[in-house]
1. Give, as residue ranges, the strands (runs of 3 or more DSSP E) completely inside the range A:162-261 that count at least 3 residues that are in contact with a strand residue (DSSP E or B) (Cβ under 9 Å, 6 or more places away or on another chain) and within 12 Å of another protein chain (Cβ to nearest Cβ).
2. Only one residue in B:368, B:341, B:327, B:335 is in a helix (DSSP H, G or I) and free of Cβ contacts under 8 Å to residues at least 60 places away in the same chain, so which one is that?
3. Going residue by residue through the range B:350-361, is there one that turns out to be assigned to a loop (DSSP other than H, G, I, E, B) and at positive phi?
4. For the range A:57-87, what are the residues that are part of a loop (DSSP other than H, G, I, E, B) and either at pLDDT 90 or above or more than 29 Å from residue A:201 (Cα to Cα) (or both)?
5. When you check residue B:312 against the structure, is it under 22 Å from residue A:223 (Cα atoms), more than 40 Å from the chain's Cα centre (by Cα) and either away from every other protein chain (no Cβ under 12 Å) or surrounded by fewer than 16 Cβ atoms within 10 Å (Cβ to Cβ) (or both), yes or no?
6. Taking only the range B:90-104 into account, find how many residues are free of Cβ contacts under 8 Å to residues at least 60 places away in the same chain and in contact with a strand residue (DSSP E or B) (Cβ under 6 Å, 6 or more places away or on another chain).
7. Please determine, by comparing only the residues of the range B:396-409 that are in a helix (DSSP H, G or I) and at pLDDT 90 or above, which one is surrounded by the most Cβ atoms within 10 Å (Cβ to Cβ).
8. For residue A:141, work out the one condition from (1) within 12 Å of chain B (Cβ to nearest Cβ); (2) surrounded by 18 or more Cβ atoms within 10 Å (Cβ to Cβ); (3) assigned to a helix (DSSP H, G or I); (4) at pLDDT below 85 it doesn't fulfil.
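The values are calculated or read from the model by the stated rules, or taken from the named source; none is laboratory data. Note that the structure is a prediction, hence the values are computed from the model and not measured. With ideal geometry, Cβ positions are generated from the backbone for all residues, glycine too; neighbour counts draw on all protein chains shown.
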């Protein structure tokens, strides 16, 4: 039922497409969630949970478990973003990517691979994939990548990111809250950006540290530096009257949500 | 001791007494022969003298140039009752030479027709014989020594020549490093034993390499295969945390599960990285400035540790090394992280590059086990350590033939990388 409803709404959206400029289209899509995704993944359990999680985030999600099923769906429908596992039982996902590009489709593609191999990554990106996400990944990470990839598709708004009254300019690294610019330190900006790409997800502090400071920060016994940065950032957001803020969750992690929540 | 030396030495030990015995036997045989000859000639001379005496012919003058001397004297009747003959070595005075010389003397008794007994003493100087024996002795010694040396030399030469395939094989083993394969292994097909040895060696190495290859593949495959289940587990826990209503207790449990999973992910990723380094899957090189990477990392860790750890550096403007960029970063990061992580509270970290050598030091209390430090999963018991960091460093260094060393001096752990 839900998927039918989404599909009809998508058609409405299609009608708007011509009339709205790209920025508005993106905002509508982002806020209403009528983006259509295709998950090509042969593992049933992973496919199911990815579909469930992305549907919860408001996307219309279709799935394919084999090379041929995926080929069929790609030929028949348009997708905004395709998540492609390159290790399929009946064919190499990179071949599928080539196929998508040969059809002249504009579908965004994120490669998902258990082979965290540089060659695959380079080949995939050369073939026109938009991003490469090695397994195992966090849903929050996938969700952020999808948003980022979709954002890149709409060039007009690619430089700013808005959630309620918080606005980030990614190029000049300026932050505006309720129309007023505030000053953030480099890491504070990175943390805010990280959370804004993953709204509603509870982010483990270790994952946050890795995401902001780099992959190799893995000192489980020392997160003092994270606490300090977040404390300052929260204070700045509160003082500026932001609608959303970073909330500590039982001391295990953080969540970006409405300030009043 | 080399086999050839040992064989030659043993041969010499056995040959020497045999040669000495042979030589001695030969020498004494020669002495006997020469004495017999002398005695024969004395007997002939004596016979000639007796014949002449009996037929009443004139006897040769005593000094007839032959250095032989003789004397005939009659014996009292009672003494002569048959022909006796005896030889003796003694020194006699030779008139012509006016000196005493060793001589061989024949004493004989004979009867004339009237049955008068005479004693004939004939002597011949033996200095010629002595000279001869001395010459024989010298030559014997020289010849036997030469013979022995020749035998030893020829043996050594032939031995060395025949053992060439073995030496070639041994040289090949010296150069062999795991993973090289058996392609350039020298093979001798002519000698049965060497053929067998080569075959056995080839077989052993191929088996060892195939085990190693399989082990490498196993680690790689296992890590690959774990990626999807890990992703499922992580995604499902995340979904529960984000989308379901949990009690505080449930949330705490799930968070802890997620933290463990995170650690497992990291471990798995590092294992994959290790197996990729070992399979040479980072072929591309570039000129990398290590100083830039180091400064960058110090920035991050100084931020994390704040003022509790003092970091000092002695770095040149630039230090360019040709290697893969991500491996360079991984190596430097792990070394610096290691130093910061294990520096004690209020500790120090010193980083310097001098004479093509990177030294990263942190203060510590006692030396670590240098033999196991770079092994996989060897940890000092510090929380959050995977025990793979230094294994990773070693593996990267090995793949570029850099040398990594650990030492403990003046209460400092020193990690040196020689490029």
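1. In the range A:162-261, A:202-204, A:253-258 are the strands (runs of 3 or more DSSP E) which contain 3 or more residues that are in contact with a strand residue (DSSP E or B) (Cβ under 9 Å, 6 or more places away or on another chain) and within 12 Å of another protein chain (Cβ to nearest Cβ).
2. B:341
3. So far as the range B:350-361 goes, yes, one or more of its residues are assigned to a loop (DSSP other than H, G, I, E, B) and at positive phi.
4. Hits for the range A:57-87 are A:65, A:66, A:77.
5. No.
6. So the answer is 9.
7. B:396
8. (4)
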